[in-house]
Structure formats: structure tokens, C-alpha cells
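This report concerns only the one structure given below.
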Amino acid sequence: MILIYSHKNTKRLQYILNLIFKDLLAWDFEFTTNLEEFSKTDGLKLAYHTTPIDGALFIGSKNLLFETDIRHQEIQFVEFEGQPCPFPTYNDQSLIPFDLFAASFFLISRYEEYLPHKKDQHKRYQAIESLAFQ
């Protein structure tokens, strides 16, 4: 079991944590926004935040999963293991140099299709315009 901390709990964050940890990895996890509880807990811990927390694995966070509206995202990339990865965090203490959860949510939800976009002759979103295609 892993305890995950973030400063804020949102539907977006819960969706992607459930998808990754429960559905894909089949791992049990608990979630908390209580930093004191998180700090006192022994065992495997993951901090999803802008700064690391002592005694916990750390993945740097961006704002996407804490927002409630749909808005244009300025997508930047960082190279990780030879692959371009969106939502770089630029934090050397993060396990990975990008926000894995925000990137996953963006791609899985097809977030960009909810924004104004160029449509094909059948009024559909053009795959060639997608971040995944690019």
C-alpha cells in the first residue's frame, strides 16, 4: 500500500490516481491532504506537490489537476529517457522531470478536444492536431 499526499484533492486527481494505481498497477493506495498525517505515517509514501517532503518519494506537480475549468494549456516538453514528455517540472528532486499525472490525464481525457480546434470536413477533431500525434 502507498500513501499519496497532495495539497488539494480534486476529481481530476482522483480519476488519474485510481486509473494508474488501482486499474493499471493493481496497487492499493490511500490519499491525504493532511500533511501532518502524511509525515507521521511509516511505509511507502508519495508526495505529489510542488516541493518534496522528507521521507517520501516525490513527483513534482503542475496546475492542471487542480483546476476545475477547461482552458488552453501551454504545453512544454522535457526529454526523459529519449522521449519528449509534456508538463516538465524542472525540479531535480522529482523522481521524473515531468508531471506524470497531469500528462496522463491530458492524454487519456483527450483534453485538447474540448477546446476550440480546427475540424475536418465531418466536423471532427483532427488527430494530426493532437499532442499524441505530434
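Of 3, 44, which residue is aliphatic (A, V, I, L, M), farther than 23 Å from residue 108 by Cα and open to solvent by 80 Å² or more (accessible area, probe 1.4 Å)? Just a single option satisfies the conditions, and that option is 44.
Within the range 80-94, the set of residues being under 20 Å from residue 112 (Cβ atoms) and among the aromatic types (Phe, Trp, Tyr) comprises just one member, 87. Can you name the residue in the range 98-121 that is over 18 Å from residue 20 (Cβ atoms) and either hydroxyl-bearing (Ser, Thr, Tyr) or touching a residue at least 12 places away in the same chain (Cβ under 8 Å) (or both) and, of all such residues, is most open to solvent (accessible area, probe 1.4 Å)? Among them, the one singled out is 114. When the range 46-84 is filtered for residues that are touching a Pro at 6+ places or on another chain (Cβ under 9 Å) and within 27 Å of residue 134 (Cβ to Cβ), the ones remaining, listed by number, are 60, 62, 72, 73, 75, 76, 77, 78, 79, 80. Mind checking which residues of the range 9-41 are under 18 Å from residue 104 (Cα atoms) and open to solvent by 40 Å² or more (accessible area, probe 1.4 Å)? Within the range 9-41, 9, 11, 14, 15, 18, 22, 23, 24, 25, 26, 27 qualify. Here are the criteria: (1) of a type in the set (A, V, I, L, M); (2) under 16 Å from residue 13 (Cβ atoms); (3) touching a Ser or Thr at 6+ places or on another chain (Cβ under 8 Å). Tell me which single one residue 107 does not satisfy. Looking at each condition in turn, residue 107 falls short on (3).
The values are calculated or read from the model by the stated rules, or taken from the named source; none is laboratory data. Since the structure is predicted, the reported quantities are computational estimates derived from the model, not experimental observations. Glycine gets a Cβ as well: all are built from the backbone with ideal geometry, and neighbour counts include every protein chain shown. These area figures cover heavy atoms from the full protein model, side chains too; ligands, DNA and RNA do not enter into them. Shrake-Rupley method; radii C 1.70, N 1.55, O 1.52, S 1.80 Å.
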